[in-house]
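Trainee: Structure in structure tokens, see below.
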Amino acid sequence: MSGKTVLIVDDEASIREMIAIALEMADYECLEAADARTAHALIVDRKPDLVLLDWMLPGTSGVELARRLKKDEGTAEIPIIMLTAKVEEDNKIQGLEVGADDYITKPFSPRELVARLKAVLRRTTPPGVESVLEVDGLTLDPVSHRITTPDGAVTMGPTEYRLLQFFMTHQERVYTRSQLLDQVWGGNVYVEERTVDVHIRRLRKALGPQYDHLIQTVRGSGYRFSTRAA
């Protein structure tokens, strides 16, 4: 798998299915939504790597959803490709003006869609997300999903992995439990803030005595990842 998740938002099930087949053959994981409300909930919850968004949706239009996503700090960085049968130039301009990263007019070939999607992901993937991360011999490879130290492989659960990846790409900054819940669990997941403490303990245990000091507790504030003394 490419490790990338794509949300397909279209009210026609046959189109969603056609796109999903093409993307799954290209090793993408697919999520699907038939309307803007369902799509927004999935975006907040699952944080897909890219959204394929139909212009014409029941209720809230794709353009309105794109505008909402780009105004929200938590979703503004998620790339959007607009899908539409509209071919007029002003429609294309409107889609791009609200923040869409690309625009594909129906009908399109699956090969074209996959190529355009890959191009957008290359342009919009933030630094560190696909790069190997290394701190004092602790290495996280997001492509192979492996964590290693000079002593060998480190085994941990998926939540601990996401926590570590977030910390390693956001070093020396303190994050509250609420912020970690939003960034790692997703803003649509309702869990107690103390759940963060449980997973922090598990992460430290997985890292072992050589590296557990990197996850620092900042009393009264939250947690930070740092190579400096607490």
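The values are calculated or read from the model by the stated rules, or taken from the named source; none is laboratory data. Note that the structure is a prediction, hence the values are computed from the model and not measured. Cβ atoms come from the backbone with ideal geometry, glycine included; neighbour counts cover every protein chain shown.
Trainee: With respect to residue 201, is the statement that it is over 17 Å from residue 135 (Cα atoms) and modelled with pLDDT of 90 or more true?
Mentor: So residue 201 passes the test.
Trainee: With the structure loaded, tell me whether residue 129 is of a type outside the set (Phe, Trp, Tyr), modelled with pLDDT under 80, part of a loop (DSSP other than H, G, I, E, B) and within 21 Å of residue 44 (Cα to Cα) or whether it fails that test.
Mentor: yes
Trainee: Is it the case that some residue within region 153-163 is surrounded by fewer than 18 Cβ atoms within 10 Å (Cβ to Cβ), polar (S, T, N, Q) and within 18 Å of the chain's Cα centre (by Cα)?
Mentor: Among the residues of region 153-163, at least one is surrounded by fewer than 18 Cβ atoms within 10 Å (Cβ to Cβ), polar (S, T, N, Q) and within 18 Å of the chain's Cα centre (by Cα), which makes the answer yes.
Trainee: Would you confirm whether any residue within region 216-223 is in contact (Cβ under 8 Å) with a residue 24 or more places away in the chain, touching a Phe, Trp or Tyr at 6+ places or on another chain (Cβ under 8 Å) and among the small types (Gly, Ala, Ser)?
Mentor: yes
Trainee: Further question: If a residue has to be aliphatic (A, V, I, L, M), surrounded by 19 or more Cβ atoms within 10 Å (Cβ to Cβ) and part of a loop (DSSP other than H, G, I, E, B) to count, how many in region 48-74 make the cut?
Mentor: Summing the residues that are aliphatic (A, V, I, L, M), surrounded by 19 or more Cβ atoms within 10 Å (Cβ to Cβ) and part of a loop (DSSP other than H, G, I, E, B) in region 48-74 gives 1.
Trainee: Let me ask you something else. Considering only region 162-173, I want to know if a residue exists there that is assigned to a loop (DSSP other than H, G, I, E, B), modelled with pLDDT of 85 or more, over 28 Å from residue 69 (Cβ atoms) and not assigned by TED's automatic domain parsing to the domain that holds residue 39.
Mentor: Yes, region 162-173 contains at least one residue that is assigned to a loop (DSSP other than H, G, I, E, B), modelled with pLDDT of 85 or more, over 28 Å from residue 69 (Cβ atoms) and not assigned by TED's automatic domain parsing to the domain that holds residue 39.
Trainee: While we're on this one: Against the conditions (1) under 16 Å from residue 81 (Cα atoms); (2) under 17 Å from the mean Cα position of the chain (by Cα), where does residue 29 fall short? Just the number, please.
Mentor: Only one criterion is unmet by residue 29, namely (1).
Trainee: Just to check your reading of the model, which residue among 45, 90 is surrounded by fewer than 17 Cβ atoms within 10 Å (Cβ to Cβ), in a helix (DSSP H, G or I) and either of a type in the set (Gly, Ala, Ser) or at pLDDT below 85 (or both)?
Mentor: Sole residue among the options that is surrounded by fewer than 17 Cβ atoms within 10 Å (Cβ to Cβ), in a helix (DSSP H, G or I) and either of a type in the set (Gly, Ala, Ser) or at pLDDT below 85 (or both): 90.
Trainee: Restricting the search to region 148-163, which residues are in contact (Cβ under 8 Å) with a residue 40 or more places away in the chain and closer than 16 Å to residue 208 by Cα?
Mentor: 149, 151, 154, 155, 156, 157, 160, 163
Trainee: Considering region 137-157 alone, what residues qualify as being small (Gly, Ala, Ser) and outside any strand (DSSP E or B)?
Mentor: 137, 144, 157
Trainee: Can you tell me which residue within region 108-126, out of those that are assigned to a loop (DSSP other than H, G, I, E, B) and at pLDDT below 85, is surrounded by the fewest Cβ atoms within 10 Å (Cβ to Cβ)?
Mentor: Looking at residues that are assigned to a loop (DSSP other than H, G, I, E, B) and at pLDDT below 85, I get 126.
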